[in-house]
Structures are given as C-alpha cells and as structure tokens.
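Step one of this worksheet: look at the structure below.
The values are calculated or read from the model by the stated rules, or taken from the named source; none is laboratory data. Keep in mind the model is a prediction, meaning the values are calculated, not measured. Neighbour counts run over all protein chains shown; Cβ positions are idealised from the backbone, glycine included.
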Amino acid sequence: MKKKIISIVFITAGIFIFNMISGFKPSDEKKPWPVPDNYKNTKNPVASNAESIADGKTLYSTHCKSCHGAKGLGDGSKAATLKTEPGNFSSADFQAQPDGGIFYKTSEGRDDMPSFKKKIADKDDIWSIVNYVRTLKK
C-alpha cells in the first residue's frame, strides 16, 4: 500500500513538472468566443488594398504585435505573460472567421485581450487591421 501511494505521488509530481516545463496552463484550452450575429454578418466596408493593408500593418505593429507576434503566430514578447494564449492568426480556424467577427473581437476584447474601441477610435482603422491580419495566412 505504501509503495502504491509513493508511486502515485511520483507520477503526479512528474505530470506537474512536465506541465510546468512545457508551459501548459489550464487556461490553454480554448473557450468559445461567441460573436453576435449582427457582427458575423457585417461586411468589411474598407477595401482590402495596398493602402489599407499598410495602414493595418502599422496599427498592428503598434497595438497587437507585442502579444500576437510579428507574423501573428501568438508569439509576441508579452505572450508568455498572458493567462490565455493569444492565438495564431495564420491558422485555418482563425482565417475562416468572418471579417465582422474579427472586428468584433478586436473592438470588444475579452480576458487578456483588451478592447480597442477607445484606443483605436476610428472604426475604419480596425477594419484595416482586419485586412492586414488576412495577409498572415500560412
């Protein structure tokens, strides 16, 4: 009986140490981020052209890059300090979202993701960020 308890303790400790070393956090599990229907169905009013993408890249570098990384992989300099994973903008799941959903999430924020509706007051600027992150495909 004593050997069984010791084995369980060692196994539990091993799992804990592995999770600490690998960087696993219980919050790594993705929780759904529902987007209201009116945003899901909203079309991007800003044309995705060179000017809009350049504007979006500049804004992204200022406001998003520190968490989401230069290429949108979720590996920015602040990413390791967050309780939730910033996500990978190049992933098929991210790219499958409607523009309105990305706009909503950027504007409203949640958990570690701040709201940008006051920091970036011009909605067209947020739409330009949406256009830019669309270029971060794999």
Looking only at the range 33-84, and only at residues there that are modelled with pLDDT of 95 or more and basic (K, R), the one that is farthest from the chain's Cα centre (by Cα): K43
Of the criteria (1) at pLDDT below 95; (2) touching an Asp or Glu at 6+ places or on another chain (Cβ under 7 Å), which one K30 fails: (2)
Qualifying helices (runs of 4 or more DSSP H) (wholly inside the range 21-138; at least 2 residues being aromatic (F, W, Y) and touching a residue at least 40 places away in the same chain (Cβ under 8 Å)): 99-108, 123-133
Single match in S66, S77 (criterion: in contact with a helix residue (DSSP H, G or I) (Cβ under 8 Å, 6 or more places away or on another chain) and small (G, A, S)): S77
